[in-house]
1. Please go through segment 22-44 and give me each residue that is in contact with a helix residue (DSSP H, G or I) (Cβ under 7 Å, 6 or more places away or on another chain) and assigned to a helix (DSSP H, G or I), ordered by number.
2. Between a residue in segment 81-102 that is more than 8 Å from ligand 1 (Cβ to nearest atom) and any residue that is modelled with pLDDT under 80, which pairs come within a Cβ distance under 6 Å, given they are 6 or more apart or on different chains?
3. For a quick check of your reading of the model, give me the residue pairs whose first member lies in segment 117-137 and is in contact (Cβ under 8 Å) with a residue 12 or more places away in the chain and over 11 Å from residue 107 (Cα atoms), whose second is among the hydroxyl-bearing types (Ser, Thr, Tyr) and within 8 Å of ligand 2 (Cβ to nearest atom), with beta-carbon atoms closer than 7 Å and at least 6 apart or on different chains.
4. Within segment 58-160, considering only helices (runs of 4 or more DSSP H) that don't extend past its boundaries, which have at least 1 residues that are out of contact with any Gly (no Cβ under 8 Å at 6 or more places or on another chain), aromatic (Phe, Trp, Tyr) and modelled with pLDDT of 75 or more?
Amino acid sequence: MNEYQARQIREYRMKGVGYRSIASVTGLSRDIVRNYCKTHSLDGFGVELTANMKEQMQRGTVCVNCGKPVKQPVTGRKRKFCSDKCRRQWWGAHPGALQKKESAIYQLTCAYCGKVYESYGNKTRKYCSHDCYVHDRFWREEEGREPYVSAAQKLEAAHE
Ligand SMILES: [Zn+2]
Ligand SMILES: [Zn+2]
């Protein structure tokens, strides 16, 4: 069995296609298809299989894009995809997910006027408006104010 056939089996099984049909499409024997499915957690039927696959994707044991097993690193961030190719393919097919990620809303406090404002997709913004930025940046000395230090910066300084 080659890599292409293995991928076909996974894709068809995720759609709930039976062993016999997959065998005729891939040109493999039904036994080979069934054995492959048994050893790769691709057995079961229809809805049950899809649910099983989804659960595995959430747990990070299989690629969210192709269903192929994913090797998780011992440390660091959990991987969702088996390869960069799958990551690109998946994001290409789910542009909405990317948009949602980028337009996350952060509630921030303006470093100049102290007003709480909402920032879209940028949590490191310091000012609610350009006016506040200009005031803080250029008029600080004239207004005799202490430099602004955010709560996060204070915390960081305490740890240094
Ligand atoms: Zn993949
Ligand atoms: Zn402001």
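The values are calculated or read from the model by the stated rules, or taken from the named source; none is laboratory data. Keep in mind it's a predicted model, so treat the numbers as computed, not measured. Here the Cβ positions follow ideal geometry from the backbone for every residue, glycine too, while neighbour counts run over all protein chains shown.
1. 22, 23, 25, 26, 30, 33, 34, 36, 37
2. Partner pairs satisfying both residue conditions: 91/98; 102/121.
3. 127/112; 132/112; 133/127; 135/112; 136/112; 136/127
4. On the way: elements: 84-93, 95-102, 130-138, 140-143, 151-159.
Counting at least 1 such residues, we get 84-93, 130-138.
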